[in-house]
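Shown next, in structure tokens, is the structure this report addresses.
The values are calculated or read from the model by the stated rules, or taken from the named source; none is laboratory data. All of these numbers come straight from a predicted model, not from anything done at the bench. Here the Cβ positions follow ideal geometry from the backbone for every residue, glycine too, while neighbour counts run over all protein chains shown. The area values use the complete protein model at the heavy-atom level, side chains included, leaving out ligands, DNA and RNA. Shrake-Rupley method; radii C 1.70, N 1.55, O 1.52, S 1.80 Å.
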Amino acid sequence: MSKKNKQRQNIGGGSPSTPRVETGPALAAIEQTATSLGIEKPDWNAQLFIDLHAALPLEKQSQFQAYLTRFAELGKQVKAAIDEYKERQKQADLALAETVRLTEDLKKQSEAVDKKSRDFEATKETLSTKESELLTQERDLEIRELNAKSGFIQQNRDALELLRSEIARLEKERLELHATLERDRQTAFDRLQQEQKVVRGEQQERTRLLDERDSALTALQEELAGQRRRLDIDKRSREQLEEFVRKQLSADYAAEIQAKDTEIAKVKERSRRLGEQLDTANARIDEFATLAEQLGGKAPTELVKAHESLRRELHAKEMRIVELEEARSRDDYDSIRAERDRLVEENRAMRPELEELRQRNHAVKIGVLEKEQWAQEKRVLEKNKQLLSTLIDDLETRLDSLTNAQQAQSAFPELSRMDTESKFTTPAAVEPVGDLKAFTEGLQQRIAVSQPDNPLYFRLEDLQLLVGGLAMSQLHILQGISGTGKTSLAKALAYAVGGECTDIAVQAGWRDRGDLLGHYNAFEKRYYEKDCLQALYRAQTPFAEDRVNIILLDELNLSRPEQYFADFLSALEKDPRHRRIPLMESAPAKHPLKLENGREIVVTENVWFIGTANQDETTNELADKTHDRAFVMELPRHEMSFKIKEKIPQVKYSFSALKKAFRDAQVRDKVELQKALRFIGKSDLTKELEERFGIGWGNRFERQALKFLPVVKAAGGKFEDALDHLLASRLFRSGKVTGRYDIKAEDLDVIEKALLKTLEGVFPGIVPDRCLHALEEDRKRLERRG
């Protein structure tokens, strides 16, 4: 027996001189890798490695031990790589949390930007989901790489091919994801621009409507220009903010993508080195692998034993052949040789079939790997689908909650609050008015002390006319030069009677009732209630329904009352039961209780509108429509003073008691006044007014006189003074009898004589100072004109 055969017999026999193989670290690395990857651990044990080690030639055993040691080191590197990945994932989560925090801060800047930020946040979440998928794919790539390092023979070769294809696919997906991110950013930016165009279009539409109403109002144009500048500033600020966020996200994602590219390059380099190592290893063990596949997976020791047995049998047969050759004839020898040739030929014929079976086995393995890859991709897609479904459900829930909250909210929040708040639902304690004369004298004292640091001294005769005006009309206009106390009188009157006063500063450019009452926003389903609307509604609550309510229109004629106050002028002419002003086209679902038909505000009798009017280049002349429906009073400078009583108690007078006192005075003197007014209606005064000035003696004037004159008398005044004031403010004011350019001085003389004659027939001894003063001033005007 040769020396080589003896050596093989020693290996097969497990000679004590065979070096012992160290399998513990390799088995630990296998178990650790399987646990990290979440797969079932291979059914490998120490005996398998010992048998394989023993089956190798002695010169190969040390190399096999080196492979096992290298595999154990790779297991440690796998654990280190997994720990590194977990740390990187933690940092990515912190970065994502910081991004969410920054987004939340941006939401708080403005309402419009808030909506756009939510849209951008949704886009960012989608991008984060895609980024998470990319990280998952890269993690799988690293796991496959580590698995490739720790595999054996054919498994390593297959893993390497799979890794290369995965790297190519990930590179392609990275490029696609980058393009998708750019498209998403552009889509978000286009949507923001579209929304800005809509906002700009709405603003331009409103500007066009305002320009069509009155393009000549410089003040309105300046105000609109200011609004446009503010919108441009807001737009630039919003665009700068969006640009900053976009650049920040682009920089973050660019840095992340660059980092991923670097990692992919490293993976490719490691894969290349691993391929070279595998090629070297495969070249060394290819012969062994081929032999192992041909023998059907039998144990190496069995193969060695079978090989030795066959060698012995072959040797025996060879010896037998020699014997037979010597003992038998040439014919027998030829027959045996033919049988051997036949067996050799059969063996050669079976080799192609064996190769075909190997190819089929390889194709089956590739199919199994592809199927596993498809199953993994299917699981990833299913998880993405579940995540998207969860996000959609969350958005639908939030949208439904917002819609329900918006529907549950009242369209008139402040008015609805007055329906429930105890302050407004509790009636105020009020006191009776009693005698109007005492009431007016008390007003003089209470008005004087309404401003302790600056007492207001008004003449009693002016306050008597003011009280008569309260009975005559719900619209008062206080005229006079600056400093006569017009605004102070309105506020002091509310204080003196214990009522409510709402101060409203009229703005130049007011055009309709929306400027005074507010407007309805159909998108927000909310009515923006202004102070005037709230004051009108408050006057109907138990808190104020039996008190005097004053709405002060400061600088009434900065804009034209005939436009923004037109609905009120019309309503005040109607029966008190029908004084309603519509606020919107249809009633909202939840409307305040005291809105008529759910959409109309009622102008109740306990509300007086008191407007102050200056005459300068910034104001407008009041039209006849306003003058004829209002109580107009010219306030002189009050340089007088009087003694103020000490400890004047503050009272809240009952509106119903004040109304009853007015009605009692009007009924008491009704017959006498009707007789006097009929006399005036048939007098020379009426005739001259119609012929020379084109002014008729209207029914409205008689109705107002029947309400005004008796109350002035009951307040301590005289019929003569009341009639003089009414004629001077209604008929002898500028634009009616006086202040005209189509009359002459003799016309004024004629009307003066008719006035004195007529009033003398009604109230003997009357001196109409206000009317005579107006006529005298107009004569001077005509003289100056020449």
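Restricting attention to region 561-591, which residues are open to solvent by 70 Å² or more (accessible area, probe 1.4 Å) and either closer than 23 Å to L489 by Cα or touching a strand residue (DSSP E or B) at 6+ places or on another chain (Cβ under 8 Å) (or both)?
The one that is open to solvent by 70 Å² or more (accessible area, probe 1.4 Å) and either closer than 23 Å to L489 by Cα or touching a strand residue (DSSP E or B) at 6+ places or on another chain (Cβ under 8 Å) (or both): R580.
Out of the residues in region 757-773 meeting the condition of being of a type in the set (A, V, I, L, M) and not in a helix (DSSP H, G or I), tell me which one is surrounded by the fewest Cβ atoms within 10 Å (Cβ to Cβ).
Filtering first and then ranking leaves V767.
What about A535, is it closer than 26 Å to A722 by Cα, aliphatic (A, V, I, L, M) and under 45 Å from the mean Cα position of the chain (by Cα)?
So A535 does not fit the description; no.
Is there a residue in region 12-19 that is surrounded by 13 or more Cβ atoms within 10 Å (Cβ to Cβ), assigned to a helix (DSSP H, G or I), at pLDDT 70 or above and not aliphatic (A, V, I, L, M)?
Checking region 12-19: not a single residue is surrounded by 13 or more Cβ atoms within 10 Å (Cβ to Cβ), assigned to a helix (DSSP H, G or I), at pLDDT 70 or above and not aliphatic (A, V, I, L, M).
Restricting to region 645-674, what's the tally of residues that are out of contact with any strand residue (DSSP E or B) (no Cβ under 7 Å at 6 or more places or on another chain) and not in a helix (DSSP H, G or I)?
Count: 7.
Scanning for something more than 30 Å from F732 (Cβ to Cβ), of a type outside the set (S, T, Y) and assigned to a helix (DSSP H, G or I), does region 632-644 turn up at least one residue?
Checked region 632-644: no residue is more than 30 Å from F732 (Cβ to Cβ), of a type outside the set (S, T, Y) and assigned to a helix (DSSP H, G or I).
Do you know which of the residues in region 668-724 that are within 60 Å of the chain's Cα centre (by Cα) and of a type in the set (S, T, N, Q) is surrounded by the most Cβ atoms within 10 Å (Cβ to Cβ)?
Q704
Can you tell me which residue in region 545-558 is farthest from the chain's Cα centre (by Cα), limited to those that are assigned to a strand (DSSP E or B) and of a type in the set (V, I, T)?
The extreme case among them is I550.
Tell me which residues, restricted to region 481-505, are touching a helix residue (DSSP H, G or I) at 6+ places or on another chain (Cβ under 6 Å) and open to solvent by 10 Å² or more (accessible area, probe 1.4 Å).
C501, T502, I504
Name the helices (runs of 4 or more DSSP H) wholly inside region 407-461 in which the number of residues that are hydroxyl-bearing (S, T, Y) and without any contact (Cβ under 8 Å) to a residue 24 or more places away in the chain is 1 or more.
413-420, 422-425
Every residue, every condition in (1) out of contact with any helix residue (DSSP H, G or I) (no Cβ under 8 Å at 6 or more places or on another chain); (2) part of a loop (DSSP other than H, G, I, E, B); (3) over 22 Å from M633 (Cα atoms); (4) modelled with pLDDT under 90, yes or no:
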| residue | (1), (2), (3), (4) |
| --- | --- |
| K687 | no, no, yes, no |
| R703 | yes, no, no, no |
| V712 | no, no, no, no |
| G717 | no, yes, no, no |
| D724 | no, no, no, no |
| L727 | no, no, no, no |
| V750 | no, no, yes, no |
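Given the criterion at pLDDT 90 or above, more than 25 Å from S473 (Cβ to Cβ) and either surrounded by fewer than 18 Cβ atoms within 10 Å (Cβ to Cβ) or among the hydrophobic types (A, V, I, L, M, F, W, C) (or both), identify the matching residue among E776, E783.
So the residue among E776, E783 that is at pLDDT 90 or above, more than 25 Å from S473 (Cβ to Cβ) and either surrounded by fewer than 18 Cβ atoms within 10 Å (Cβ to Cβ) or among the hydrophobic types (A, V, I, L, M, F, W, C) (or both) is E776.
Based on what the data block shows, is F732 of a type in the set (F, W, Y), part of a helix (DSSP H, G or I) and either crowded, with 16+ Cβ neighbours inside 10 Å or out of contact with any Leu (no Cβ under 8 Å at 6 or more places or on another chain) (or both)?
No: the conditions fail for F732.
From the list K659, K594, K652, K625, which residue is more than 26 Å from W510 (Cβ to Cβ), charged (D, E, K, R), surrounded by 14 or more Cβ atoms within 10 Å (Cβ to Cβ) and under 48 Å from the mean Cα position of the chain (by Cα)?
Being more than 26 Å from W510 (Cβ to Cβ), charged (D, E, K, R), surrounded by 14 or more Cβ atoms within 10 Å (Cβ to Cβ) and under 48 Å from the mean Cα position of the chain (by Cα) holds for just one of K659, K594, K652, K625, which is K652.
Every residue in region 511-544 that is surrounded by 19 or more Cβ atoms within 10 Å (Cβ to Cβ) and either without any contact (Cβ under 8 Å) to a residue 12 or more places away in the chain or assigned to a loop (DSSP other than H, G, I, E, B) (or both), please.
Selection gives A539, Q540, T541, F543, A544.
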